[in-house]
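These notes are about the structure you will find just below.
Since every read-out is calculated from the coordinates, none of them should be taken as a lab result. Fair warning: this is a prediction, and the values are worked out from it, not measured in the lab. Positions of Cβ are generated from backbone atoms using ideal geometry, with glycine treated the same way; all protein chains shown enter the neighbour counts.
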């Protein structure tokens with residue numbers, strides 16, 4: 001959870017100092033409606049580009065399946081198991 005939150009914060013908080021003045025400048029030059037349209041077109045372009053990249057690299061074919069949690073054991077016993085992405089457990 002911490003890694004994804006860090007990436008989220010870096011992308012959204014880190015892009016504001018760059019994107020804010022750029023969109024403000026576009027709004028000053030062309031108007032608010034045009035700057036919002038440009039922002040929307042850029043967002044759709046990034047989304048489509050990401051989809052193409054994910055499909056080309058095969059990441060949409062189950063390569064990133066969630067790993068099943070380790071089995072629960074009684075308190076006081078130690079079991080060293082590791083859950084792998086293929087669903088198999090190994091000691």
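Roughly speaking, what is the stretch gain from residue 43 to residue 8, that is 0.36 nm per residue apart minus the C-alpha to C-alpha distance, in nm to one decimal?
11.0 nm
Arranged from highest to lowest average of other beta-carbon atoms within 10 Å per residue, in what order do the peptides 28-36, 7-15 appear?
Working: 28-36: 11.7, 7-15: 9.9.
For the peptides 28-36, 7-15, the packing ranking is 28-36, 7-15.
Going by C-beta contacts inside 10 Å, put 3, 60 in order with the fewest on the left.
Numbers: 3 7, 60 11.
Sorted ascending by nearby Cβ count, the order is 3, 60.
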